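The values are calculated or read from the model by the stated rules, or taken from the named source; none is laboratory data. Just so you know, these numbers come straight off a predicted model, no measurement behind them. Every residue, glycine as well, gets a Cβ built from its backbone with ideal geometry; the counts of neighbours run over all protein chains shown.
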Ligand SMILES: O=C(O)CCC(=O)C(=O)O
Ligand SMILES: [Fe+2]
């Protein structure tokens with residue numbers, strides 16, 4: 001859809017041995033770089049060796065089995081929380097299907113989800129899901145630390161390092177027409193940070209860059225895509241801008257991706273740390289609010305046709 005782009009989303013290399021280690025210069029430089037990329041693009045790619053390639057490949061393999069299950073089996077995955085459960089394959093997003101699992105880094109949660117899909121059990125699926133989601137949660141936390149370090153905040157806000165996490169597997173069917181089509185409409189993630197893994201060889205993700213338009217975020221071996229969620233905006237007092245993104249795929253091959261959507265602690269208060277607010281020079285842009293009230297507001301206003309502006313944090317909490 002936008003194969004020729006003058007802009008490339010920055011790619012960083014994070015060796016796992018320095019992840020979160022404030023003493024290392026590399027960590028400090030990287031944190032600033034990632035933070036600047038999120039301020040400018042709301043998106044970055046990160047090569048990270050803490051989640052081995054073979055584990056991601058196993059995840060993609062088991063995901064194919066999940067999506068091959070009968071519809072009525074997949075639809076057993078329900079939730080009253082927005083963005084969890086089974087979604088897609090409906091009139092609004094006919095080529096998109098996803099299943100979200102809450103906190104599958106806990107083995108009990110992974111088992112319950114597995115038994116929903118395979119009542120007779122599926123140990124390999126359960127172990128893979130549990131291990132990948134645990135590693136992805138670790139990476140979520142590393143990124144949050146990186147962001148607040150990069151912003152110069154000494155004490156990371158507790159509710160940002162929560163263990164409230166939506167792990168989601170996604171499948172996009174190729175469109176019937178000859179050209180690429182948007183299969184997941186543009187939207188902003190409502191979480192703190194999204195970490196995505198794209199299957200090699202199949203393009204699809206695009207982010208909207210001011211003054212440029214839609215920019216592709218290609219799959220890169222060993223890399224994870226970081227997408228700034230909407231909660232980073234109030235947390236950074238407006239410095240980090242959540243990015244509008246969408247998925248457009250071409251004919252021929254289905255696309256798979258999985259992601260870890262880190263949410264703030266439900267009863268945690270979202271408020272910019274004092275280092276980011278400075279009287280008249282940098283006044284507070286948002287009132288403090290708790291995430292569960294924001295989620296209720298989202299739930300009350302969301303429509304299946306995606307209406308990001310009606311549920312934005314700006315409408316909800318901007319001063
Ligand atoms: O599949 C992707 O690459 C993006 C998915 C996405 O944006 C979402 O689920 O919120
Ligand atoms: Fe998204």
Matching residues in segment 154-200 (at pLDDT 95 or above and under 19 Å from residue 38 (Cβ atoms)) number 7
When segment 1-48 is checked residue by residue, the ones that are in contact with a helix residue (DSSP H, G or I) (Cβ under 7 Å, 6 or more places away or on another chain), at pLDDT 95 or above and part of a loop (DSSP other than H, G, I, E, B) are 10
Restricted to segment 163-197 and to residues being surrounded by 20 or more Cβ atoms within 10 Å (Cβ to Cβ) and not in a strand (DSSP E or B), the residue nearest to ligand 2 (Cβ to nearest atom) is 189
Counting only strands (runs of 3 or more DSSP E) wholly inside segment 208-249, the ones holding at least 3 residues that are under 27 Å from residue 273 (Cβ atoms) are 223-228
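Test residue 37 against the stated conditions and say whether it is touching a residue at least 24 places away in the same chain (Cβ under 8 Å), within 19 Å of the chain's Cα centre (by Cα) and loosely packed, with under 15 Cβ neighbours inside 10 Å.
Values: touching a residue at least 24 places away in the same chain (Cβ under 8 Å): yes; within 19 Å of the chain's Cα centre (by Cα): yes; loosely packed, with under 15 Cβ neighbours inside 10 Å: no.
When the stated conditions are applied, residue 37 does not pass them.
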Output for Cβ contacts, cut-off 6 Å, separation at least six or different chains, first residue farther than 13 Å from residue 243 by Cβ in segment 183-195, second part of a loop (DSSP other than H, G, I, E, B) and near ligand 1 (Cβ under 9 Å from one of its atoms), reads none
Of the conditions (1) buried (at least 20 other Cβ atoms within 10 Å of the Cβ); (2) more than 14 Å from ligand 2 (Cβ to nearest atom), the single one that residue 222 does not satisfy is (1)
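When only residues in segment 166-194 that are in contact with a helix residue (DSSP H, G or I) (Cβ under 7 Å, 6 or more places away or on another chain) and within 14 Å of residue 42 (Cβ to Cβ) count, which is nearest to ligand 1 (Cβ to nearest atom)? Outline the logic, then answer.
Filtering segment 166-194 for residues in contact with a helix residue (DSSP H, G or I) (Cβ under 7 Å, 6 or more places away or on another chain) gives 167, 169, 171, 187-188, 190, 192-193.
Then drop every residue that is not within 14 Å of residue 42 (Cβ to Cβ), which leaves 187-188, 190, 192-193.
Details: 187: 6, 188: 9, 190: 9, 192: 13, 193: 12 Å.
So the residue we want is 187.
Could you tell me whether residue 145 is in contact (Cβ under 8 Å) with a residue 40 or more places away in the chain and within 13 Å of ligand 1 (Cβ to nearest atom)?
Numbers: in contact (Cβ under 8 Å) with a residue 40 or more places away in the chain: yes; within 13 Å of ligand 1 (Cβ to nearest atom): no.
Against the criterion (in contact (Cβ under 8 Å) with a residue 40 or more places away in the chain and within 13 Å of ligand 1 (Cβ to nearest atom)), residue 145 does not qualify.
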